[in-house]
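*Asks:* Quick one: the structure is below, questions incoming.
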Amino acid sequence: MNGQVLAGSERRAFASSATQTRKHAKVAAAQGLLLAVGLAIMAGLIWRIGPEEILVHLRPLGWTIVFAFLPYLLVLLLDSLGWRYAFDRSVSPALAGLIPIHIIGKAVNLITPLVPIGGEPFKAHLLSTRGVPLTEGLASVVISRTVATIAQGLFVTAVTAFTFFSLGIA
């Protein structure tokens with residue numbers, strides 16, 4: 001730049017870059033604000049309940065508290081890995097990038113009172129901000145959700161049948 005005149009395409013690229021920079025700054029500010037709000041809510045809850053009361057319930061668990069998180073962590077990891085296979089090979093995102101998006105999507109599902117699948121389109125949106133075409137992201141979410149629903153249905157059916165047969169009900 002340094003006093004040089006920019007051609008039309010260079011001017012548009014520079015303006016687009018400046019727009020992207022402002023957009024990223026706004027996103028970073030929003031993320032920082034949401035983190036601060038989340039930490040404030042957490043601190044408020046800890047203060048309201050009382051740290052002593054929380055520790056009274058955590059102390060008996062000791063180091064075995066890790067076992068409370070392992071099953072969920074394993075399910076999250078395997079679910080994200082399965083989601084990765086729902087993408088076309090040309091746009092398959094890294095597993096390390098899918099895990100945070102998966103967590104965010106689950107969080108949105110939990111806080112959306114009327115539509116417990118609200119996090120699914122949001123996951124597709126987050127993927128689009130990382131370079132995955134929106135149509136590809138939406139397709140992967142639908143495929144992943146459908147396969148997970150079928151797998152859960154088969155699991156429930158198998159466990160129900162096993163329970164009936166083992167109890168001699170059937």
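The values are calculated or read from the model by the stated rules, or taken from the named source; none is laboratory data. Just so you know, these numbers come straight off a predicted model, no measurement behind them. Cβ: placed from backbone, ideal geometry, glycine included. Neighbour counts: every protein chain shown. Note: accessible area is taken over every heavy atom of the protein model, side chains too, but ligands, DNA and RNA are not part of it. Shrake-Rupley method; radii C 1.70, N 1.55, O 1.52, S 1.80 Å.
*Asks:* Tell me the relative contact order for region 105-170 as a rounded percent, counting alpha carbon contacts under 8 Å between residues six or more apart.
*Replies:* 18
*Asks:* Does region 54-117 come out rounded, prolate or oblate, given a ≥ b ≥ c as the square roots of the eigenvalues of its C-alpha gyration tensor, rounded meaning a/c under 1.5 and, failing that, prolate meaning a/b above b/c?
*Replies:* Oblate shape, in that a/c is at least 1.5 and b/c is the bigger or equal ratio.
*Asks:* Right, next: Can you compute the charge dipole magnitude of the chain about its Cα centre, using +1 on each Lys and Arg Cβ and -1 on each Asp and Glu Cβ, nothing else charged? Give it in debye, rounded to the nearest 20.
*Replies:* 500
*Asks:* Given the options 149, 135, 19, which has the most mean-square fluctuation in a GNM of the chain, springs set between C-alpha atoms less than 10 angstrom apart?
*Replies:* 19
*Asks:* Roughly speaking, to the nearest percent, how much of the chain's 1.4 Å accessible area is carbon and sulfur?
*Replies:* The computed percentage sits at 73.
*Asks:* Once you keep just the Cα pairs under 8 angstrom separated by 6 or more residues, what percentage relative contact order results for the chain?
*Replies:* 13
*Asks:* Next question, about the same structure. Could you provide, to the nearest whole Å², the per residue accessible area of region 9-108 with probe 1.4 Å?
*Replies:* That works out to 77 Å² for each residue.
*Asks:* Something else now. Please report the Cα spread of region 72-155 along all three principal axes, rounded to whole Å, starting with the longest.
*Replies:* That gives 31, 26, 22 Å along the principal axes, largest extent first.
*Asks:* Another question, if that's okay. Which one of 107, 151, 36 has the biggest mean-square fluctuation once the chain is modelled by GNM with Cα springs under 10 Å?
*Replies:* Maximum fluctuation in the GNM of the chain, among the listed residues, is at 36.
*Asks:* So what's the net charge close to residue 83: Lys and Arg +1, Asp and Glu -1, counting the other residues with Cβ under 10 Å from its Cβ?
*Replies:* Net of charged neighbours comes to +2.
*Asks:* Once you have a ≥ b ≥ c as the square roots of the Cα gyration tensor eigenvalues for region 110-164, tell me rounded if a/c is under 1.5, and otherwise prolate or oblate according to whether a/b is larger than b/c.
*Replies:* Verdict is oblate for region 110-164.
*Asks:* Shape of region 93-140 from its Cα gyration tensor (a ≥ b ≥ c, root eigenvalues): rounded if a/c is under 1.5, otherwise prolate when a/b > b/c, or oblate?
*Replies:* oblate
*Asks:* Rounded to the nearest 500, what is the 222 nm mean residue ellipticity of the chain from helices alone, with -39500 (n - 2.57) per DSSP H run of 4+ residues and division by all residues?
*Replies:* -27000 deg cm²/dmol
*Asks:* So which residue, out of 75, 27, 159, gets the largest mean-square fluctuation from a GNM of the chain using Cα contacts under 10 Å as springs?
*Replies:* So, out of 75, 27, 159, the one fluctuating most is 27.
*Asks:* Where Lys and Arg each count +1 and Asp and Glu each count -1, what net charge lies around residue 117 among other residues with Cβ under 14 Å from its Cβ? Before the final figure, lay out each step's value.
*Replies:* Details: positive: 106, 123, 145; negative: 120.
Every neighbour counted, the sum reads +2.
*Asks:* In 10 Å bins starting at 0, how do the alpha-carbon pair distances of the chain split up by percent?
*Replies:* 8, 21, 26, 23, 13, 5, 2, 1, 0
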